[in-house]
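Have a look at the structure below before the remarks.
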Amino acid sequence: MTALPKLIFELSREGKIGCGLNEADVPAEAVIDASFRRTGISDFPEVSEVEIVRHYMALARLNYSVDAGFYPLGSCTMKYNPKINEKLAAADELQAHPYAPHDLVQGNLEIMARLEEWLVALTGLAGFTLTPAAGAHGEFTGMLIIRKYLQEKGDARKVVLIPDSAHGTNPASAHFAGYEIREIPSNAQGIIGIEELRAHLKPDVAALMMTNPNTLGIFESNISAIAEALHANGSLLYMDGANLNALLGIVRPGDLGVDVMHINLHKTFATPHGGGGPGSGPVGVAAHLLPFLPVPRIKKSKDRYEVVYDDPCSIGRVKNFYGQFLVMVRALAYLLALGRENVRRVAEDAVLNANYLRKRLEGSLDLPYPASSLHEVVFSDKDLPVKTLDIAKRLLDYGIHPFTIYFPLIVHGAMMIEPTETESKETLDEFVSVMGTILREARENPELLRQAPVQTPVRRLDETLAARKPVLKWSRGESI
Ligand SMILES: *Cc1c(COP(=O)(O)O)cnc(C)c1O
């Protein structure tokens, strides 16, 4: 079992010094007025350089990341992101003040304009705003665009339809944009049936929000018929394309009748994510919605990029300045490195890997929706002697990050596995073999799984409490 590293206070011995400071050449009193200086600071740890380095290395090793191992977190696309993108995002030439005169940052503006062109080409939509800072922020922006578009037409529709397989952020975003949510059940194939839709398609429906591929990893194959039915009713189709790994370079949502969609650059387009780091959720729209996109818009006139703030129909600003610029740099670098021809291989390999895992595991785990899978596959814990949580916790003992659990809600004890395109067959085989071992343990010694994890520095935590009341600093006398 890995032990928790010792607290730095426990390592402390009076008189140890970890760094050398030069003698100050000015008296301290001359620099900082006494009223600003703290006194009586005690309990400062005193350690050597070796000890402090080892201490932080030990802490860092407690982290799990996609650079450390397999991370099959369904719906999240935790894939390997090429390090070259990080290098480019850190390039001095790209760091600019947001108020820099536009003449001095033509290169930065070009990066944004070219990324927008790429997204337009990949989705078949007419234009994108790059400003939203996350997927959910993109959804909210998209719903405001829909609302403004309908309002301009004098149409005050109140309802947004959302299938029960939707990502959890969808109802929240539509609600914050002022809509009432009506849920549509998905059918036995795990998708939205055209009859279910028609039954809910009343004149007060502003839009349907559809995650595609949905959270079961299944392609919504009725999408074009659904778009037609919506449009005939004066309603719009919003597609949650946060996770575009299965469609990239193969299907253009604009061709399927989608009016608005968002994409997560921090999932599909090579920005590492997790832990609340910067994200970016560009929103794309069909031509009739272009005037409503948020400002600023970057437009090219002759050979110069202009920044337009005064689009009369725009919903306004959704973020300060331009959005998360360095996430956009990573996305463009990723796309340029792949090139137009290779982009679709991302999708092909992501789908291949998910289907490989599905085939190898479907004999041992219940597969509630047998429709073919795209980039992820969802099993249930039906007929197992233990629960999904126990399996997930036991995976930690084998050094593997668990898959997404208990989501989507329509699957009992859901295990949502998304291997992504960047994993090798060897890694997938190793995962299958660990799953085989765990399922054997579940039959022979279910109690072991209920106690898991047993190898990790901390065991089963109260996860709700840990999220709601995180303890982020330690004081003497507290135990951890
Ligand atoms: C991740 C995700 C979102 C939300 O994106 P955030 O950047 O976390 O706000 C929305 N929809 C789907 C399908 C997702 O996978």
Lys, Arg +1 and Asp, Glu -1 on Cβ, resulting dipole of the stretch 204-330 about Cα centre, debye, nearest 20: 620
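Leaving ligands and nucleic acids out of the surface, order 380, 42, 424 by accessible area at 1.4 Å, largest first.
Details: 380 5, 42 80, 424 50 Å².
Solvent-accessible surface, decreasing: 42, 424, 380.
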Dividing the alpha-carbon radius of gyration of the stretch 211-277 by 2.2 N^0.38 Å, where N counts its residues, gives 1.22
For the stretch 198-203, Karplus-derived ³J(HN,Hα) couplings (6.51, -1.76, 1.60; θ = phi - 60°; whole Hz; x for glycine and proline) come out as 4, 4, 9, 7, 9, x
Summed side-chain charge close to residue 353 - residues other than residue 353 whose Cβ falls under 14 Å, Lys, Arg +1, Asp, Glu -1: -3
At 1.306 mPa s and 10 °C, Stokes diffusion of the stretch 306-400 via Kirkwood alpha-carbon radius, µm² per second: 88
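Please work out the average accessible area per residue across the chain, using the 1.4 Å probe convention, and give it in Å². Each step should come with its number before you reach the end.
Numbers: 23890 Å² over 480 residues.
Ligands and nucleic acids excluded, the result is 50 Å² per residue.
Top to bottom by accessible area (1.4 Å), largest first, where do 352, 237 land? Write down the numbers at each step before the final one.
Details: 352 110, 237 0 Å².
Order by accessible area, largest first: 352, 237.
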Accessible area of the stretch 345-456 belonging to carbon and sulfur atoms, whole % at 1.4 Å probe: 52
Too long at a 26 Å Cα-Cα cut-off: which of 393/425; 79/473; 382/469; 267/473; 83/299? 79/473; 382/469; 267/473; 83/299
How far apart, in nm, are two points set 7 Å out from the Cα along the Cα-to-Cβ line at residue 16 and at residue 202? 7.0
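Which length gain, in nm to one decimal place, applies between residue 152 and residue 23 when the Cα-Cα distance is subtracted from 0.36 nm times their residue separation? Intermediate values should be presented prior to the final figure.
Numbers: separation 129, 0.36 × 129 = 46.44 nm, distance 6.94 nm.
Roughly 39.5 nm would be gained on extension.
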Residue 84 - accessible surface, heavy atoms, 1.4 Å probe, Å² rounded to 10: 100
Using a 1.4 Å probe on heavy atoms of the protein chains only, the accessible area for residue 273 in Å², nearest 10, reads 40
Nearest-0.05 FRET efficiency for residue 50 and residue 176, computed from C-beta distance (R0 41 Å): 0.20
How much accessible surface does residue 267 have with a 1.4 Å probe, in Å² rounded to 10? 20
Taking the dipole about the Cα centre of the chain, with the C-beta of Lys and Arg at +1 and of Asp and Glu at -1, give me whichever of 347, 197, 17 is farthest to the positive side. 197
Amide H contacts of residue 306 (H built 1.01 Å from N, under 5 Å, at least 5 apart or other chain): 299, 300, 301
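Stokes-Einstein D for the stretch 96-338 at 4 °C, 1.567 mPa s, Kirkwood Rh over Cα pairs, in µm²/s?
Numbers: Rh = 18.1 Å.
Calculated translational D: 72 µm²/s.
Using a 1.4 angstrom probe on heavy atoms only, work out the carbon and sulfur share of the accessible area of the stretch 1-71 in %. Please list the in-between numbers first.
Details: 3380 of 6040 Å².
Carbon and sulfur: 56 percent of the exposed surface of the stretch 1-71.
Where does the charge balance sit around residue 261 when Lys and Arg score +1, Asp and Glu -1, over other residues with C-beta under 15 Å from its C-beta? Provide the component values of the computation, followed by the final result.
Working: positive: 252, 267; negative: 116, 139, 220, 240, 255, 259.
The answer is -4.
When the dipole is taken about the Cα centre of the chain, and only Lys, Arg (+1) and Asp, Glu (-1) are charged at their Cβ, what size is it in debye, to the nearest 20? Walk me through the numbers on the way to the answer.
Numbers: 49 positive and 58 negative charges, 80 e Å.
I would put it at about 380 debye.
Would you mind calculating the gained length between residue 447 and residue 61 on full extension (0.36 nm times residue separation, minus the Cα-Cα distance), in nm to one decimal?
Values: separation 386, 0.36 × 386 = 138.96 nm, distance 2.86 nm.
Extra length available between residue 447 and residue 61 comes to 136.1 nm.
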So, counting K/R as plus one and D/E as minus one, what does the shell of residues with Cβ under 15 Å around residue 318 add up to? +3
The stretch 96-338, dipole about Cα centre (Lys/Arg Cβ +1, Asp/Glu Cβ -1), debye to the nearest 20: 420
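Relative to the compact globular guide of 2.2 N^0.38 Å, what is the alpha carbon radius of gyration of the chain, as a ratio?
Values: Rg = 25.8 Å, N = 480, 2.2 N^0.38 = 23.0 Å.
Output field value: 1.12.
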From the residues 167, 109, 272, which one has its Cα farthest along the dipole of the stretch 96-338 in the positive direction, the dipole being from +1 and -1 charges on Cβ of Lys/Arg and Asp/Glu about the Cα centre? 109
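Just by accessible area at a 1.4 angstrom probe, what is the order of 459, 358 from largest to smallest?
Putting 459, 358 in descending order of accessible area: 459, 358.
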Taking the Cα centre of the chain as the origin and placing charges on Cβ (Lys, Arg +1; Asp, Glu -1), which of 452, 466, 7 is farthest toward the positive end of the dipole? 466
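Between residue 302 and residue 3, take the C-beta separation as r, use R0 = 51 Å, and let me know the FRET efficiency to the nearest 0.05. Let's see the in-between values first.
Values: r = 65 Å, r/R0 = 1.27.
Working from the Cβ atoms, E equals 0.20.
Given the DSSP H assignment, sum -39500 (n - 2.57) over each helix run of at least 4 residues in the chain and divide by its residue total; what's the result at 222 nm in deg cm²/dmol, nearest 500?
Values: 15 runs with 172 residues, N = 480.
Mean residue ellipticity at 222 nm (helix-derived): -11000 deg cm²/dmol.
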Tell me whether the stretch 328-480 comes out rounded, prolate or oblate; compute the Cα gyration tensor, take square roots of the eigenvalues as a ≥ b ≥ c, and use a/c under 1.5 as the rounded threshold. oblate
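The values are calculated or read from the model by the stated rules, or taken from the named source; none is laboratory data. It should be emphasised that the depicted structure is a prediction, and the values quoted were computed from it without experimental measurement. Here Cβ is always computed from backbone atoms with ideal geometry, including for glycine, and neighbour counts include all displayed protein chains. The accessibility values were calculated without ligands, DNA or RNA, using every heavy atom of the protein model including side chains. Shrake-Rupley method; radii C 1.70, N 1.55, O 1.52, S 1.80 Å.
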